[in-house]
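Trainee: Provided herewith is a single structure, encoded as C-alpha cells, for subsequent inquiry.
None of the figures in this text is laboratory data; all of them are computed from the coordinates on show. This one's a predicted model, so the numbers in the text were calculated from it and none came from an experiment. We place every Cβ from the backbone using ideal geometry, glycine too, and count neighbours over all the protein chains shown.
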Amino acid sequence: MKKQLTLSKEYLKGLWDQNPVFKQALGLCPVLAVTVSAINGIAMALATTFVLTSASLIISSIRKLIPTQVRIAAYILIIATFVTIVDLVMKAQFPELSKALGPYIPLIVVNCLILGRQEAFSSKNTVGRSLLDSLGMGTGFLIALFVLGGLREIFGTGTLLGFQVMPDFYEPWLVMILPAGAFLTLGLLFGAANSYLQKKEQDEKNYLIEKYLKAKKEADEMGGQAKWN
Amino acid sequence: MELILIFFSAAIVNNFVLAYFLGICPFIGVSGKITSAFSMGMATTFVMTITAIVTWLIYHLLLVPFQLEFLQYVSFILVIASLVQFVEMFVKKVSQPLYRALGIFLPLITTNCAILGLALFMVLKDYTFIQGVVYGVGAGAGFTLAITVMAGIREELDLADVPKPFKGVPITLIVAGLLALAFMGFSGLISI
C-alpha cells in the first residue's frame, strides 16, 4: 500500500505537484473556454471547487454503500445534482456572470477532473482526506485558471480584473481573447512549466553525477595511492 | 435551406472543438493517428445524432409538460450514459467489424463534453426536432473534421524537431491554436 501523506501534503499536492491542469491535463474544456478574463476564470474555478468538494464529501462518506458496478453512474448523478444547485444559485445571485459563463456551468458535470478525483481518491479514502484533496485540487485549478485568464485579459484587453494595467499606447492583441489565443497561451504555459521541470530534473541529475564523480575521484586517489605505493 | 445553414454553422463556422472548446480531451488524447481519429469522429457523430434525437424528445415531451426543466442536467447525463452503453451493446451484437473499429472509443464518449454540450445548446437555441437532428449531425461532422485534420498534422509533426519541453501536449495545443485561427476565416460566413 502507498504510504499515507501527511494531512498538509494532502492539500498542498494539488497546488503544484499534481496540479490538475498543468500536470494531469484534466478538465481542459472549461479552462480554455471561460478564461477570456480573470474574473470569469475565478468564478468558474470556484464553482468547480464547490462541486468537487461537495461531491467528494458525499461520495467518500457513502463509498462503502455504492456497488462497484454502478459507481460511475452514481458519481455522475451526485455531481449533476450539485451542478444544478450551483447553476440555479448563480442564475439568481450573479446573473451577469452566469450569462458570461453560459453552458460551461452545466458542463462541469462532465469535467473529467471531478469524476477523476472521485474515482482515484474519494472512493478509497476517508472523508477528511477527501475534503483536503478536493480543496487542494480546487485551489490548483483556481491558480491555473487565474494565471491563464489574467494573461489573456492583460494582453487581450489591457486590463486585469477590470483595472487598466497596460499603458495607454498599448494596442490590445485581439487574438488573445479569441479561441485561438486560449490554445496558444495554454500551450506556451504548458511548455514553460515543462521546461522548468526538465531543467530542475537535469540539475538534480547533474548534481548526482557530480557527487558520484567526486566520490569516484576521491576513491581513485586513495586507491591510486595504495596502488603506487 | 435553413437546415443546410444549421449544418454548416455547426460543422465549420462554430466548430465544437475549435470555437466552443468542447471535446478537448479526445481531441488531444486520440489524435495520434489518422485512422483512430477518424473512427473516434465517426463514433462521436453517431452518438451525437442519437443524443440529439433522444434528448429533444425527453426535454419536450417529458420535462417541459411536467415543468421539470431544472432536472435537465441530471436527466441528460443519465440518458447519455445509458445511451452509450446501449449503443455499445447494440453495435457489438449487430456488427462485429464495426464494434472492433468503434468499440474502444464508445465508453470514452460518455465523458466527452461535446455530447452534453450538444444537448444543452440544442435546448438553448430552441431548435425544432428536425433542426436539432441536423445540428447533431453537423456538430459530429465538425468534430470529425477537426480531429482528423489534427491527427494528420500530428503524424507529420512526429518527424519534426520539436523543442523538448514542448513535445506532447504543449505543441498539440499550439497546433490547435493555429487551426482555430484558420477556422476563424470562416466566421461571418453564416450567421445563425
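Trainee: Assuming a ≥ b ≥ c are the square roots of the Cα gyration tensor eigenvalues, decide whether chain A counts as rounded (a/c under 1.5), prolate (otherwise, with a/b larger than b/c) or oblate. Write out the running numbers ahead of the final one.
Mentor: Values: a/c = 3.37, a/b = 1.40, b/c = 2.41.
Oblate, since a/c reaches 1.5 and b/c is not below a/b.
Trainee: Follow-up question, since we're still on this one. Short version: ³J(HN,Hα) in whole Hz for each residue of the range B:172-180, in order, from phi by Karplus 6.51 cos²θ - 1.76 cosθ + 1.60 (θ = phi - 60°), x for Gly and Pro, what are they?
Mentor: Values per residue, Gly and Pro as x: 4, 5, 5, 4, 4, x, 5, 4, 4 Hz.
Trainee: Next question. When a/c reaches 1.5 or more, the comparison of a/b and b/c decides; with that in mind, is the range B:17-181 rounded, prolate or oblate per its Cα gyration tensor? Spell out each step's value before the answer.
Mentor: On the way: a/c = 2.52, a/b = 1.67, b/c = 1.51.
Judged from the Cα gyration tensor, the range B:17-181 comes out prolate (a/c at least 1.5, a/b above b/c).
Trainee: Hey, got the average number of other protein chain Cβ atoms within 10 angstrom for residues in A:189-195? Mind dumping the intermediate values first?
Mentor: Working: counts 2, 9, 12, 3, 2, 8, 5.
That average works out to 6.
Trainee: How high is the relative contact order of the range B:1-119, in percent, with contacts defined as C-alpha pairs under 8 Å that are six or more residues apart? Before the final figure, lay out each step's value.
Mentor: Details: 77 pairs, mean separation 40.5, N = 119.
Across the range B:1-119, relative contact order equals 34 percent.
Trainee: So what are the ³J(HN,Hα) numbers for the range B:62-69, from phi and the Karplus equation (6.51, -1.76, 1.60; θ = phi - 60°), rounded to whole Hz, Gly and Pro as x?
Mentor: Result, ordered by residue: 10, 6, 5, x, 9, 6, 10, 4 Hz.
Trainee: Expressed as a rounded percentage, what relative contact order does chain A have, with Cα pairs under 8 Å and six or more residues apart?
Mentor: Details: 251 pairs, mean separation 70.4, N = 229.
With pairs under 8 Å counted, the relative contact order is 31 percent.
Trainee: Which of rounded, prolate or oblate describes the protein assembly as shown when judged by the alpha-carbon gyration tensor and an a/c cut-off of 1.5?
Mentor: Working: a/c = 1.62, a/b = 1.49, b/c = 1.09.
Prolate, since a/c reaches 1.5 and a/b exceeds b/c.
Trainee: Can you tell me the length gained on complete extension of the stretch A:Leu46 to A:Phe94, counting 0.36 nm per residue apart and subtracting the Cα distance?
Mentor: Fully extending the segment from A:Leu46 to A:Phe94 adds 16.0 nm.
Trainee: Can you figure out the FRET efficiency of A:Lys124 with B:Ile53, using R₀ = 41 Å and their beta-carbon distance, to the nearest 0.05?
Mentor: 0.60
Trainee: Hey, another quick one. Could you please report the charge total around A:Glu10, scoring K, R as +1 and D, E as -1 over all other residues with beta-carbon less than 10 angstrom from its beta-carbon? Don't skip to the end; give the middle numbers.
Mentor: Working: positive: A:Lys9, A:Lys13, A:Arg129; negative: A:Asp133.
Every neighbour counted, the sum reads +2.
Trainee: Could you give the angle, 0 to 90 degrees to the nearest 10, between helix A:38-61's Cα long axis and the longest principal axis of the Cα atoms of chain A?
Mentor: 80
Trainee: Now for a separate question. What residue among A:Pro20, A:Pro172, A:Pro95 shows peak mean-square fluctuation when chain A is described by a Gaussian network model with Cα springs under 10 Å?
Mentor: For chain A, modelled as a Gaussian network with Cα springs under 10 Å, the answer is A:Pro95.
Trainee: Along Cα→Cβ, 7 Å out, is where each label goes; now give me the distance between the ones at B:Thr35 and B:Asp158 in nm to one decimal.
Mentor: Result for the modelled spin labels: 1.1 nm.
Trainee: Would you please give the residues with an amide H less than 5 Å from that of A:Leu160, counting only those at least 5 places away or on a separate chain, with H modeled from the backbone geometry?
Mentor: Here the answer is A:Val165, since their amide H atoms fall under 5 Å of that of A:Leu160.
Trainee: Can you work out the Karplus-derived ³J(HN,Hα) for every residue in the range A:87-102? Use 6.51 cos²θ - 1.76 cosθ + 1.60 with θ = phi - 60°, whole Hz, and x for glycine or proline.
Mentor: After applying 6.51 cos²θ - 1.76 cosθ + 1.60, I find 4, 5, 5, 5, 4, 7, 8, 10, x, 5, 5, 4, 5, 5, 7, x Hz.
Trainee: Sticking with this structure for a sec: Per DSSP H run of n ≥ 4, the term is -39500 (n - 2.57); total these for the protein assembly as shown, divide by its residue number, and report the mean residue ellipticity at 222 nm rounded to 500 deg cm²/dmol.
Mentor: Numbers: 17 runs with 284 residues, N = 421.
Counting only the DSSP helices, I get -22500 deg cm²/dmol.
Trainee: With everything on Cα atoms, drop me the angle between helix A:127-157 and the longest principal axis of chain A, reported from 0 to 90° to the nearest 10.
Mentor: Long axis of A:127-157 versus the principal axis of chain A: about 80 degrees.
Trainee: Still on this structure, please answer the following. Between B:Val17 and residues 5 or more places away or on another chain, which pairs have amide H atoms under 5 Å apart, with H built 1.01 Å from N, and which residues are they?
Mentor: Counting only residues 5 or more places away or on other chains, the set is B:Leu22.
Trainee: Sticking with this one: Among A:Ile108, A:Ile42, A:Ile76, determine the one that fluctuates most according to a GNM of chain A built with springs between C-alpha atoms less than 10 Å apart.
Mentor: Most flexible of the set in this elastic network: A:Ile76.
Trainee: Turning to a different aspect of this structure: Once the other residues with Cβ under 13 Å from the Cβ of A:Leu26 are scored (Lys, Arg +1; Asp, Glu -1), what is the net sum? Provide the component values of the computation, followed by the final result.
Mentor: Values: positive: A:Lys23, A:Arg117; negative: A:Glu119.
Neighbourhood net charge equals +1.
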